[in-house]
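Working notes for the structure below.
None of the figures in this text is laboratory data; all of them are computed from the coordinates on show. A quick note: this is a predicted structure, and the numbers were derived from the prediction, not measured. Don't worry about glycine lacking a Cβ; one is built from the backbone with ideal geometry, like all the others, and counts go over all protein chains shown.
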Amino acid sequence: MRSRFILILLLSPWVVFQTYAQNLTPSEAGSTESLDLSQTELRINALSLLVGPVLDISYEHVLSESSGLGGSLLLNFGGDNYGSQKFALSPFYRFYFFDQKDYGSRGLFVEGFSSLTLVEPYTEWVELRDGSFVEQENGNQFQWSIGFAAGRKWINQKGFSFEIFLGVGRYLLSTATTDEVHPRIGASFGKRF
């Protein structure tokens with residue numbers, strides 16, 4: 001069941017792109033000036049797939065040549081290499097600078113993000129009345145964080161993109177988990193349409 005879900009998520013950007021490409025006239029398909037490649041972008045974080053069985057998919061809507069608004073969905077399928085996050089939904093806002101030509105929204109960027117995260121159980125030591133300690137495991141809990149990231153994005157004339165980014169977020173709710181901060185790191189491939 002899980003493998004079917006992953007396959008559907010991986011193939012859905014291709015289906016959307018194929019449907020869009022079939023609606024183009026031959027003159028539009030050959031001319032990059034006729035195509036509007038700066039509306040939306042779908043990306044998959046290849047680094048998270050390599051580090052652990054973690055699926056990280058992002059969607060970005062380009063607001064202008066220097067800004068974009070989007071969201072990221074992270075699903076951790078049991079990898080210990082990606083921190084305590086099991087699931088995360090992270091909206092973000094990006095500001096691009098230094099390379100605002102051609103299709104816009106590319107080049108260096110800074111990003112502010114927030115994240116609603118389900119973190120895995122953690123263990124803590126609880127002191128009993130007699131002075132002894134007992135290990136107690138707490139269940140899954142939701143966390144909310146805010147953070148910042150920076151990176152670089154490249155886009156070719158066909159609308160394919162590659163980006164690298166690095167950032168950190170801080171949990172704002174209970175700090176009882178072992179992690180008070182979480183990374184936002186990636187090397188993503190995507191397509192604008």
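Please list the equivalent ellipsoid semi-axes of segment 142-193, computed as the square roots of five times the alpha-carbon gyration tensor eigenvalues, in descending order and whole angstrom.
Taking √(5λ) for each eigenvalue gives 31, 10, 8 Å, largest first.
Let's test the formula: R0 of 35 Å, r as the Cβ-Cβ distance of PHE160 and SER67. What FRET efficiency results, to the nearest 0.05?
Working from the Cβ atoms, E equals 0.95.
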